[in-house]
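K.L.:
The structure follows.
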Amino acid sequence: MGSDPGRRRALGLLVSGGSSLLLGGCGLNRWSNAVGAATQPLNERIEALLQGKGPLPEFRRSQVEPAALLVNSFNGTPNLPPESYRLVVNGAVRRPLRLDLAALAALPQRECVVRHVCVEGWAAIVAWSGPRLADVLALAGPSPLGAYLAIRSADQYFETWDLASALHPQTLLATHMNGAPLPVANGAPVRLASPIKLGYKQSKWVTGLELMTSLGDRLGTWEDRGYEWFAGL
Amino acid sequence: MGGNRKGLTGHCGEFCRWIVWQRVQGQLGRLTAFPWRQPVITLSDASGSARPGAHPLWTRAFHGFNLLVLLLMAGSGLEIYNANPVFGGRAGATVPEWLTLGGWLAGGRDWHFGVMGLYAANLGLWIGLLLQRRHRRLADGGDLGTLRRSASPPRRRLASHRITYTLMLVVLAFSLITGLAMYKPAQLWWLVSLFAFAEPAGHSSWQTLRVCHLATIPAIALLLVAHVGLSWRVGGLRLLRRMAL
Ligand code: HEM
Ligand code: HEM
């Protein structure tokens, strides 16, 4: 077999080609963004199609996994005194609002026991409770032209959602977690919680909601750095 | 073509020239038996195909493309793994960077979900076509019987080879199913709930899914070693080369 130099050379080329694909992660890594940009529009359409408007099945309270819920924060832990807390709702709405915690507590309360899935790969079953985001938005008289929701947080975290996901019956402005008031590390006094979005869409320490007719330059804190915008589950 | 071939330079050109040359040799090899070639016994001989050893172009195309997208999926998957290791979480050990693809978590996800459509389409079409047109080449109960009863080494090798590559297709389909369950765990909750079997032992269905999905990498790697080794035993370099596009 050694008498066949062509064959040996070709094997060498195949081997070096194969290993440089692995090592060439370095070379290919430059294309990550382009690959995402080329394929996400189609993926997001399929995700949106899959994502029905109806509620999803929930877990039992006994299945809650408090220890599995890790804490991520992009900019420290803001402290929002409950007495002075106000949730601003504005944008394409007839009645811009400044709601205090009593106003949120006066709305119908809902508990959702759902899986919280982090983009990093871990997940935890959590019982969130509070008013539905849809009910809060309805208070403000949303314009039919509203299509996106911008969510501002006290730590400058920023998110935008498609309105259909924001209006999903299990998308809450949670004020309680696992039956107790929301801990500060988990977003007290008010955070977003939803079974249909990855964790980074679920802003903590929410202070502002703005109904928008189109998306602006900023898509979100992580999205602007390259993470997927729709991020549906 | 001949004129172009002379113009090719560098490794790439050499490689192309080599392929063309090998193609010509392959044709000759089939017509005039070269003494240094061992006779090729392939599975299609065993199943009585009209043209011994002929793999249709389509199966070779699916075969090659599958390997390419599989490497991309595995590399980007390991990048995702490193964001939060399946074993040990944030304190867990990460895989070496040279095995990963994407550069960072978002990049790994770009590749993983960018290529998953191609991976799934290629695998689905390939399995579909194999079942329809070449199902006699896939393993069946008879192969297990051969392994249990036959004493003839070539027959045993053929049977284990059919079982090996058929299992590979099963493992790849399994990675697709477990991947889908973690890509859309809310909408495909019924798929996730199939992995609740370890809950009595204290393992959440999510962790079970992660372990199952990750396990496809060592599983396919082991099967791949067996597959290439068996191909070599069954048909030598000539068979390996013929499978390469
Ligand atoms: C269509 C097919 C696939 C889909 C939809 C898919 C989907 C996913 C998803 C959603 C994750 C993230 C899991 C998490 O957050 O923990 C993931 C992780 C991963 N995937 Fe895939 N995947 C597919 C195919 C593959 C294949 C073929 C391989 C390699 C053989 C692979 C290897 C991995 C690895 C190693 C991880 C990291 C495990 C983890 O951190 O949980 N995937 N995949
Ligand atoms: C994970 C990757 C791979 C998978 C899933 C896979 C799967 C398969 C399948 C299903 C067949 C039968 C195709 C048919 O008869 O139509 C096959 C045949 C073959 N594969 Fe692979 N393969 C893989 C990688 C490789 C690699 C890396 C090589 C060579 C270095 C290789 C060499 C061969 C050869 C030579 C045959 C022909 C076997 C025969 O007819 O006896 N395969 N493979």
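K.L.:
Starting from the Cα coordinates of region A:56-225, work out the convex hull volume and express it per residue in Å³.
P.N.:
106
K.L.:
On to the next question. Have a look at A:GLY187, A:GLY52, A:GLY27 and tell me which one the Gaussian network model of chain A (Cα, springs below 10 Å) gives the largest fluctuation.
P.N.:
A:GLY27
K.L.:
Something else about it: Helix A:5-23 versus the longest principal axis of chain A: what angle, 0 to 90°, nearest 10, using Cα atoms?
P.N.:
Tilt of helix A:5-23: around 20 degrees.
K.L.:
Through the Karplus equation 6.51 cos²θ - 1.76 cosθ + 1.60, θ set to phi - 60°, convert the phi angles of region A:68-73 into ³J(HN,Hα) values in whole Hz; use x for Gly and Pro.
P.N.:
7, 7, 7, 10, 10, 8
K.L.:
Using a 1.4 Å probe on protein heavy atoms only, how many Å² of accessible area do B and A hide from each other, summed over both chains and rounded to 100?
P.N.:
Using a 1.4 Å probe on protein heavy atoms, the buried area is about 3900 Å².
K.L.:
Another question, then. List the relative contact order of region A:104-143 as a percent without decimals, with contacts defined as Cα pairs under 8 Å and 6+ residues apart.
P.N.:
So the answer I get is 43 percent.
K.L.:
Based on DSSP H runs of at least 4 residues, each adding -39500 (n - 2.57), what is the mean residue ellipticity at 222 nm of chain A after dividing by all its residues, to the nearest 500 deg cm²/dmol?
P.N.:
Counting only the DSSP helices, I get -7500 deg cm²/dmol.
K.L.:
A follow-up question, please. With springs only between Cα atoms under 10 Å, which of A:ALA34, A:ALA134, A:ALA150 fluctuates most in a Gaussian network model of chain A?
P.N.:
So, out of A:ALA34, A:ALA134, A:ALA150, the one fluctuating most is A:ALA34.
K.L.:
Taking every alpha carbon pair in region A:70-152, what does the distance histogram look like in 10 angstrom bins from 0, in percent?
P.N.:
The distribution over region A:70-152 is 14, 34, 40, 13, 0, given as percents.
K.L.:
Relative contact order for chain A: what is it in percent, counting Cα pairs under 8 Å that are at least 6 residues apart?
P.N.:
It rounds to 21 percent for chain A.
K.L.:
Relative contact order for region B:93-245: what percent, with Cα pairs under 8 Å and sequence separation of 6 or more?
P.N.:
In percent, rounded to a whole number, it is 18.
K.L.:
Same structure again: Need one value for A:115-122: mean number of C-beta atoms belonging to other chains within 10 Å of its residues' C-beta atoms.
P.N.:
Mean partner-chain Cβ count within 10 Å for A:115-122: 6.
K.L.:
Now for a separate question. Mind checking which aspartates and glutamates have their Cα closer than 18 Å to the Cα of A:LYS201? Skip sequence neighbours fewer than 8 apart in that chain.
P.N.:
Answer for A:LYS201, where 18 Å is the Cα cut-off: A:GLU44, A:GLU47, A:GLU120, A:ASP155, A:GLU159, A:ASP162, A:GLU210, A:ASP217, A:GLU223, A:ASP224, A:GLU228, B:ASP110, listed by chain and number.
K.L.:
Choose one answer from A:THR175, A:THR207, A:THR39: the residue with the largest mean-square fluctuation in a GNM of chain A with alpha-carbon springs under 10 Å.
P.N.:
Sorting by GNM fluctuation, first place goes to A:THR39.
The values are calculated or read from the model by the stated rules, or taken from the named source; none is laboratory data. Worth saying up front: this structure is predicted, and the values here are computed from it rather than measured. Using ideal geometry, Cβ is built from the backbone for each residue, glycine included, and neighbour counts are taken over all protein chains shown. When the accessible area is computed, the model is the full protein with side chains, heavy atoms only, and any ligands, DNA or RNA have been set aside. Shrake-Rupley method; radii C 1.70, N 1.55, O 1.52, S 1.80 Å.
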